[in-house]
Amino acid sequence: MSRVGQPLAARRAGRLLALLALLALPAALTGCIRSRVFITSEPPGAEVLWRGEPYGATPIEIPYLWYWHYDYALEKPGYERIDVVDRFRTPPWFLMPVDLFMEMLPIPIHDTRERHFVLTPREPTLSQLP
């Protein structure tokens, strides 16, 4: 069927669909900001409690959404517990209005923070002594 024979409504619908696809293309090509913290410990294998909930053992990578204060703890049997309140500051290129352009870049932007902790062996209590 030739284009001349198509109903007007079908041609308009086809144009509208093409316009919507053209408008959606830039959104599909944009990257995103991926913020993570990579936590390691000496010795490895310490349990990480992220915001009060068990998250996994070190070394571990934890994603976060907001640049703010986060509380977490590291625990391992035979070692002192480490409690941390860490503030992840916003990098300058993620502040307004620059962040709008950073979000529109067609590549993912990684912001990985690294934290390393050395656990201290726990002193034996009197009940543990021979």
Need pairs with beta-carbon distance below 7 Å; first residue under 30 Å from LEU105 (Cα atoms) and modelled with pLDDT of 75 or more and within the range 1-29, second acidic (Asp, Glu) and exposed (fewer than 10 other Cβ atoms within 10 Å of the Cβ); sequence gap 6+ or separate chains.
none
Run down GLU47, GLU42 and say which single residue is among the acidic types (Asp, Glu), modelled with pLDDT of 85 or more and exposed (fewer than 12 other Cβ atoms within 10 Å of the Cβ).
GLU42
If only one of PRO63, PRO77 is at pLDDT 80 or above and closer than 26 Å to ILE109 by Cα, which one is it?
PRO63
Just to be sure I understand the filter: pairs with C-beta atoms under 9 Å, separated by 6 or more residues or on different chains, first member in the range 89-107 and closer than 20 Å to TRP68 by Cα and in contact (Cβ under 8 Å) with a residue 12 or more places away in the chain, second member surrounded by 13 or more Cβ atoms within 10 Å (Cβ to Cβ) and among the small types (Gly, Ala, Ser). Which pairs pass?
PHE94/SER35; MET102/GLY31; GLU103/GLY31
Does the range 57-65 include one or more residues that are charged (D, E, K, R) and either within 18 Å of ILE33 (Cα to Cα) or surrounded by 12 or more Cβ atoms within 10 Å (Cβ to Cβ) (or both)?
yes
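The values are calculated or read from the model by the stated rules, or taken from the named source; none is laboratory data. All of these numbers come straight from a predicted model, not from anything done at the bench. So basically every Cβ, Gly included, is an ideal-geometry build from the backbone, and we count neighbours across all protein chains shown.
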